[in-house]
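**Q** Can you keep this structure in mind? I'll have questions shortly.
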Amino acid sequence: MTSRALKVALVCGVAVTLASCGTVRRNLPFGLGRSDEAAATASEGQRISVLEFEQQLAPSAALSGRDFFLPGPQAATAWTQPGGTPENLVEHVIAAPNFQVAWRRSIGQGSQVPGTVMAPVVASDGKLFTLDGDSTVAAVSADSGDILWRTDIKPEGLARGGFGGGVAYAGGKVFVSSGYRVMTALDANTGAVLWRTTVDSPIHGAPTVVGNRVYAIDVDSQLFAFDVNTGAQAWAYRGIAEPARIMRASSPAVSGDTVIAPFSSGELVAVRAANGQAVWQQVLSRTSRTSALSEVRDVAGRPVVSRGTIYGVSHSGLLSALDLRSGQPKWQLPVTGVNAPLPVGAVVYVVSKSGQLIVANRDTGQIYWTRELNEGRERNEGGFLGFFDRQVRPSWSGPILASNRLVMVNSFGEAVAFDPKTGAEQSRLNLGAAAYIAPSAYNGALYVLTDRGELVCIR
């Protein structure tokens with residue numbers, strides 16, 4: 001009996017055995033186990049696909065094939081916020097010129113149930129600061145990867161139940177948000193707890209720290225401002241609560257006296273840093289979408305402020321360039337995204353959720369070119385004895401422009417470098433595990449935290 005025939009025989013045997021089970025019967029192949037009874041149908045309402053619908057974007061005829069300006073790389077001597085700076089803007093850094101793995105180090109627990117590795121790496125004063133899937137903060141030597149200290153920030157008596165959070169650095173302190181409903185400040189040299197402040201709801205995104213304030217957003221769309229020295233709450237702003245979220249969380253951007261808060265409702269709200277009073281609000285949401293997933297409006301990618309313009313993208317399918325002072329849109333594109341856009345030079349890069357790299361003119365939104373990142377990367381997973389496989393594509397995080405390479409990481413465990421002018425793939429590295437967090441840059445290196453809880457240094 002051939003291998004193929006054996007597979008068929010086995011499947012049919014299992015099918016006959018289980019045909020009496022209604023749940024199984026409805027899903028059997030070849031019509032096995034099905035009765036002649038009419039199938040139940042929805043009496044009213046509309047059935048819609050849960051598959052992502054995303055409009056394919058075409059290059060502008062006026063810009064297709066044209067060159068554009070990119071600034072030269074600059075040294076990254078600190079990466080103190082989840083997006084590098086309070087404005088979440090780092091244009092072009094000197095990092096990883098050889099694009100080779102220098103070292104790997106476990107920083108603690110990887111993603112598990114219920115813990116999840118979600119926090120970008122921050123760096124300053126020769127140290128990298130990370131948050132693992134078990135809410136433990138680690139300080140790591142940027143040169144050697146040696147662990148300098150670890151601090152468990154879970155409240156006493158709560159061993160499980162919280163996930164997410166993140167870290168930021170300022171003034172010799174590491175500020176930590178967490179899914180355990182606490183904000184914590186640690187001594188950056190020792191890991192000692194300096195203060196703790198309890199909040200009403202979990203905080204899944206990393207904080208942003210500027211001056212004497214730490215800003216963070218909880219899962220109920222509340223933006224908090226805390227005093228950096230005491231942890232006392234200075235003010236709070238409540239946005240529209242939205243229970244439908246995705247497994248990513250954003251951080252506020254701060255530019256001057258304005259805090260830009262992204263909420264799960266699809267809102268971008270500008271408030272005054274001094275008192276939390278709202279200045280304007282905009283919703284990054286497309287009302288004409290037909291996909292069920294488009295109803296999740298979460299702004300999961302960090303908003304980026306550059307030259308008086310805010311660039312933000314939502315899960316419901318809108319990339320917007322907004323005026324910082326008024327909130328009025330300058331241009332918009334139909335893009336579904338969960339990563340922060342990257343404005344640099346004359347363009348803005350953004351990666352769609354479906355894996356399309358888009359390069360648009362930063363002033364007009366006209367498109368220079370697009371690239372399908374997943375072309376040739378699909379693979380089959382799951383199934384039973386070779387049947388019912390599903391095709392899987394990687395999800396991407398980034399990009400970052402480093403030493404004239406556009407670098408991204410993906411859920412297949414790759415770090416991939418692309419030509420920033422053409423989108424052509426240049427090289428790739430094996431990270432050893434899936435990566436869902438964009439790389440951070442510090443002192444000539446890129447640092448990637450994998451889903452397994454391993455920190456990878458690329459030089």
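**Q** So which pairs qualify, if the first residue must be in segment 369-380 and assigned to a strand (DSSP E or B), the second must be acidic (D, E), the Cβ gap must be under 6 Å, and the two must be at least 6 apart or on different chains?
**A** N380/D389
**Q** Report, by residue number, each residue of segment 45-104 that is among the aromatic types (F, W, Y) and at pLDDT 95 or above.
**A** Selection gives F68, F69, W79, F99, W103.
**Q** Out of the residues in segment 97-131 that are outside any loop (DSSP other than H, G, I, E, B) and more than 20 Å from the chain's Cα centre (by Cα), state the one that is nearest to D451 (Cα to Cα).
**A** The selected residue is S106.
**Q** Here's a follow-up. Looking for something in contact with a Ser or Thr (Cβ under 8 Å, 6 or more places away or on another chain) and farther than 20 Å from V113 by Cβ - is there at least one such residue anywhere in segment 150-157?
**A** Scanning segment 150-157 turns up at least one residue that is in contact with a Ser or Thr (Cβ under 8 Å, 6 or more places away or on another chain) and farther than 20 Å from V113 by Cβ.
**Q** Here's a follow-up. The conditions are (1) in a strand (DSSP E or B); (2) buried (at least 22 other Cβ atoms within 10 Å of the Cβ); (3) touching a residue at least 60 places away in the same chain (Cβ under 8 Å); (4) not charged (D, E, K, R), and V416 fails exactly one of them. Which is it?
**A** (3)
**Q** A follow-up question, please. In the list D143, D134, which residue meets the criterion of being within 25 Å of A445 (Cα to Cα), out of contact with any Leu (no Cβ under 7 Å at 6 or more places or on another chain) and either in a strand (DSSP E or B) or of a type outside the set (V, I, T) (or both)?
**A** Result of the check over D143, D134: D143.
**Q** Among the residues of segment 235-254, is there at least one that is under 23 Å from P120 (Cβ atoms), modelled with pLDDT of 95 or more, buried (at least 21 other Cβ atoms within 10 Å of the Cβ) and among the hydrophobic types (A, V, I, L, M, F, W, C)?
**A** Checked segment 235-254: at least one residue is under 23 Å from P120 (Cβ atoms), modelled with pLDDT of 95 or more, buried (at least 21 other Cβ atoms within 10 Å of the Cβ) and among the hydrophobic types (A, V, I, L, M, F, W, C).
**Q** Taking the stated definitions as given, is G171 within 17 Å of V193 (Cβ to Cβ) and out of contact with any Lys or Arg (no Cβ under 6 Å at 6 or more places or on another chain)?
**A** yes
Table: residues versus (1) over 30 Å from P329 (Cα atoms); (2) surrounded by fewer than 22 Cβ atoms within 10 Å (Cβ to Cβ).
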{"position": "Q366", "(1), (2)": "no, yes"}
{"position": "E372", "(1), (2)": "no, yes"}
{"position": "R379", "(1), (2)": "yes, yes"}
{"position": "D389", "(1), (2)": "yes, yes"}
{"position": "V407", "(1), (2)": "no, no"}
{"position": "A435", "(1), (2)": "yes, no"}
{"position": "P439", "(1), (2)": "no, no"}
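**Q** Just give me the residues in segment 160-201 being part of a loop (DSSP other than H, G, I, E, B), at pLDDT 95 or above and either among the charged types (D, E, K, R) or closer than 18 Å to T230 by Cβ (or both), in sequence order.
**A** G171, G172, A188, A192
**Q** Considering every residue within segment 83-96, establish whether at least one is in a strand (DSSP E or B) and surrounded by fewer than 21 Cβ atoms within 10 Å (Cβ to Cβ). I'd like the intermediate steps shown before the answer.
**A** To start, the set of residues in segment 83-96 that are in a strand (DSSP E or B) comprises 84, 93-95.
With the extra rule that they be surrounded by fewer than 21 Cβ atoms within 10 Å (Cβ to Cβ), the set shrinks to 94.
Scanning segment 83-96, I find at least one residue that is in a strand (DSSP E or B) and surrounded by fewer than 21 Cβ atoms within 10 Å (Cβ to Cβ), so the answer is yes.
**Q** Out of the residues in segment 357-379 that are of a type in the set (K, R) and within 22 Å of the chain's Cα centre (by Cα), which is nearest to L318 (Cα to Cα)?
**A** Residues of segment 357-379 that are of a type in the set (K, R), as a first pass: 362, 371, 377, 379.
Subsequent filtering for residues that are within 22 Å of the chain's Cα centre (by Cα) retains 362, 371, 377.
Details: R362: 15, R371: 18, R377: 26 Å.
Checked segment 357-379; the qualifying residue nearest to L318 (Cα to Cα) is R362.
**Q** Considering only segment 202-230, state which residues are of a type in the set (A, V, I, L, M), part of a strand (DSSP E or B) and over 22 Å from T151 (Cα atoms).
**A** Selection gives V210, I217, L223, A225.
**Q** If you scan segment 395-423, which residues turn out to be within 16 Å of V344 (Cβ to Cβ) and small (G, A, S)?
**A** Step one: list which residues in segment 395-423 are within 16 Å of V344 (Cβ to Cβ), which gives 398-408, 417-423.
The answer is G398, A402, S403, A417, G423.
**Q** Same structure, new question: Answer yes or no as to whether S144 is among the small types (G, A, S) and either surrounded by fewer than 21 Cβ atoms within 10 Å (Cβ to Cβ) or free of Cβ contacts under 8 Å to residues at least 24 places away in the same chain (or both).
**A** The answer is yes for S144.
The values are calculated or read from the model by the stated rules, or taken from the named source; none is laboratory data. Source: prediction; values computed, not measured. Cβ atoms come from the backbone with ideal geometry, glycine included; neighbour counts cover every protein chain shown.
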